[in-house]
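The values are calculated or read from the model by the stated rules, or taken from the named source; none is laboratory data. Please read all numbers here as calculations on a predicted model, not as lab measurements. Methodologically, a virtual Cβ is constructed for each residue, glycine included, from the backbone with ideal geometry; neighbour enumeration extends over all protein chains shown.
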Amino acid sequence: MKIVHKSLFITGASSGIGRALALFYAKEGVRLVLWGRHAERLEKTAELCRKKGAIVYTRSQDIAHIQEAIDSYRQDDSRYNIHLAILSAGVSDIKGDSQAVEDPLAVFHIGLVNYAATSALATVIGECMVRHKGGKIVLVSSVAAFHAIPFAAAYSGSKAGLNKFATALRILLRKHGVSVCLVCPGFVDTPMSRRVKSFKPGLMEVDQAASLIADAIKMGKKEFIFPRFFVFLKYVEYFMPAKLRDFILGKIPSG
């Protein structure tokens, strides 16, 4: 049965920022289409959203299975009429102290999920929204995209690629009435960031991060970097002499 009301779509809704965004948007009459890799955790998110009055549809979907994900999105969009899509699913890893480099398979998987699969899914979302004559796509990246982190080369590299893709997609789709927002969070208290044991400047609660992201989407921002300290840091590194930049980055401890 086709649903005629518009819906909000979120990937990575089983935990972290995706889950927090689902809970933030969950209100009486709001329709949420939630994807996540972990069916049990996803259903817990859905139940909390339903208790807040939202109408929730879930799909246990790993976006790394890209053809399946593309087909699934087209089905969900056809049925639920998605007008806002937030792609927050992502993975991370770092080089261990005993390793000379990161694990090659981990590098491949991080690039696949964070860049290739997310970009492909954003493309099919854009295709559907062009047919709808409007919509918003939100890509959740990271401030790591602005820095060549030696012990997390795959993660920072995958997010840097996503940033460039988001900019190109925004320029491509704007003439069709489809907007693209790139979100680059710093350290947010999620299961992913808790694996990092080193100093985490500006660490933020996940509910606060979700509220800030929702505000940026509402205001129609093209790019949103937070906390603001990381905006300053982005430009400091950009204008820093290459030798000094490489020296500083090389001194950051992994862990």
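Structure notes:
- Residue match in the stretch 101-114 (condition: assigned to a loop (DSSP other than H, G, I, E, B), surrounded by fewer than 17 Cβ atoms within 10 Å (Cβ to Cβ) and either more than 14 Å from the chain's Cα centre (by Cα) or not charged (D, E, K, R) (or both)): yes
- Subset of the stretch 212-234 (residues that are over 11 Å from Cys184 (Cβ atoms) and free of Cβ contacts under 8 Å to residues at least 12 places away in the same chain): Asp215, Lys218, Met219, Arg228, Phe232
- Flag if Asp71 is crowded, with 18+ Cβ neighbours inside 10 Å, more than 19 Å from the chain's Cα centre (by Cα) and either free of Cβ contacts under 8 Å to residues at least 12 places away in the same chain or assigned to a helix (DSSP H, G or I) (or both): no
- Filtered residues of the stretch 125-135 (kept if touching a residue at least 24 places away in the same chain (Cβ under 8 Å) and surrounded by fewer than 18 Cβ atoms within 10 Å (Cβ to Cβ)): Val130, His132, Lys133, Gly134
- Unique residue being at pLDDT 95 or above and touching a Gly at 6+ places or on another chain (Cβ under 8 Å) when the list is Gly202, Gly177: Gly177
- Residue, surrounded by the most Cβ atoms within 10 Å (Cβ to Cβ), within the stretch 160-190, restricted to residues that are within 18 Å of Ser142 (Cβ to Cβ) and of a type in the set (Ser, Thr, Tyr): Thr190
- Residue count for the stretch 43-68, restricted to those that are part of a loop (DSSP other than H, G, I, E, B) and among the basic types (Lys, Arg): 1.
- Filter result for the condition that a residue is in contact with a Cys (Cβ under 8 Å, 6 or more places away or on another chain), surrounded by 24 or more Cβ atoms within 10 Å (Cβ to Cβ) and free of Cβ contacts under 8 Å to residues at least 40 places away in the same chain, over Leu42, Leu34: Leu34
- Residue identified as surrounded by fewer than 21 Cβ atoms within 10 Å (Cβ to Cβ) and either within 17 Å of Val206 (Cβ to Cβ) or small (Gly, Ala, Ser) (or both) among Gly53, Gly12, Gly16: Gly53
- A Cβ distance below 9 Å, combined with a sequence gap of six or more or placement on separate chains, defines the contacts here; from the stretch 169-188, residues that are in contact (Cβ under 8 Å) with a residue 60 or more places away in the chain reach residues that are part of a strand (DSSP E or B) and not basic (Lys, Arg) in the pairs Pro185/Val140; Pro185/Met204; Pro185/Phe224; Pro185/Ile225; Pro185/Phe226; Val188/Met204.
- Residue check for Lys27: surrounded by fewer than 23 Cβ atoms within 10 Å (Cβ to Cβ), part of a helix (DSSP H, G or I) and not acidic (Asp, Glu): no
- Residues of the stretch 136-156 that are farther than 25 Å from Leu105 by Cβ and surrounded by fewer than 23 Cβ atoms within 10 Å (Cβ to Cβ): Lys136, Val143, Phe146.
- Residue match in the stretch 122-141 (condition: over 30 Å from Ser78 (Cβ atoms) and touching an Asp or Glu at 6+ places or on another chain (Cβ under 9 Å)): no
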